[in-house]
């Protein structure tokens, strides 16, 4: 179970780093954070799960979307 | 050329980290047994993770608070610029941006619920999962919800950026006060002082006070950062 | 289990490769955040091997998970987002001055001044 979720995180991170549209990368990184929070809950760590869900899927995504809006959105 | 150097350095790094990852080693159980027997008696919190980062390793928590303060100050200074080198951006609902009704109605109505949940997580950190940092981050998200739903409130929010600055400074003073108070009551500098007095005052009051100070500091700092990045100029 | 740790090593190496090879500045910050996530996941996976209950004291005697890695990783997550926010503020200032997000172009323009 944990192995399948970790594989999902690796696939999401690969797509985030090698895509040409930065908005798609941000959404993939937010998905990585949410799946990571699920893994923390399944491993009996509820404090870390709350922190990762609130920080990764909330504030980190806001910060990345702000930088995309004020600079370029596409990679090359 | 850069790709070749990248692949060579990846091979070297995996040769260094590989033996650590592949070998099987048992994880020792001494730390958990010690905390199981002494955690509640020394600090007064039944959430063992809170007992660690507010009791045994409270110095790391102070350091993290300072890191957060430095990062928020640096980011605000870099974004604002050295004075007024560019004009202040107009809030997006005045520019006629695509702001549908769904977003402002949903976030405007959900904002008090999120802030209440944030306060609950902050207050009950000593006996259920939660604590200062988690509650602070949820409070910052609640502030962003209020800023997103401004059209439906029909008046400006009372928490302007200046008041958030004052809350942040006041909570920093509160943290410093809580650090120094144990000295007057006969304990070490970051230890829970109520364990030395006896059983007249419940011991969790110190932990709750510490949690709320940290939560207010983290929440106000991160919401200043978030509000600045969303171009919502309450006042300036 | 070993396959979990090998996947986390692959995630760390992916972040390192992205930090070195990619030329867009925002993607370098993405790679830094991915490396941070990999290390935090490794600590929590390793610390949860010795028990099967969350570390909140209750009346009956159960085996708890090790609470020390969890307390350390709380600090690590908050420091990670602070580093990301400050790095993106620096990228914003660079874009304002040089009008580009490519590392080689910025180096060329800075050498020509």
Any chance you could list P(r) for segment A:2-70, counting all Cα-Cα pairs in 5 angstrom bins from zero, rounded to whole %? 3, 19, 25, 23, 18, 9, 3, 1
Nearest 0.05, what FRET efficiency do residue B:20 and residue A:8 give at R0 = 25 Å with Cβ-Cβ as r? 0.55
How far is helix A:22-42 tilted off the main Cα axis of chain A, in degrees rounded to 10, range 0 to 90? 10 degrees
Taking neighbour Cβ counts within 10 Å as the exposure measure, how do C:52, C:60, A:75 sort from fewest upward? C:60, C:52, A:75
Report the Rg/Rh value for the protein assembly as shown, based on alpha-carbon coordinates and the Kirkwood definition of Rh. 0.98
Point-to-point label distance, residue B:205-residue B:9, nm (Cα→Cβ direction, 7 Å offset): 5.6 nm
If the viscosity is 0.890 mPa s and the temperature 25 °C, what Stokes-Einstein diffusion coefficient in µm²/s follows for segment C:1-95 when Rh is the Kirkwood radius over Cα pairs? 161 µm²/s
By how many degrees, between 0 and 90 and to the nearest 10, does the Cα long axis of helix C:25-47 differ from the longest principal axis of chain C? 10 degrees
Cut-off 10 angstrom, C-alpha nodes, Gaussian network model of chain C. Which of C:26, C:78, C:91 fluctuates the most? C:78
On C-alpha positions alone, give me the angle between the axis of helix C:2-21 and the longest principal axis of chain C, in degrees, nearest 10. 20 degrees
Fewest to most neighbouring Cβ within 10 Å: what's the order for A:52, B:24? B:24, A:52
Ranked on Cβ counts within 10 Å of their own Cβ, fewest leading, B:73, B:184, A:26, B:61 go B:184, B:73, A:26, B:61
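Values quoted throughout were computed directly from the atomic coordinates according to the rules given, and no laboratory measurement underlies them. Note that the structure is a prediction, hence the values are computed from the model and not measured. Every residue, glycine among them, receives a Cβ derived from its backbone with ideal geometry; neighbour counts consider all protein chains shown.
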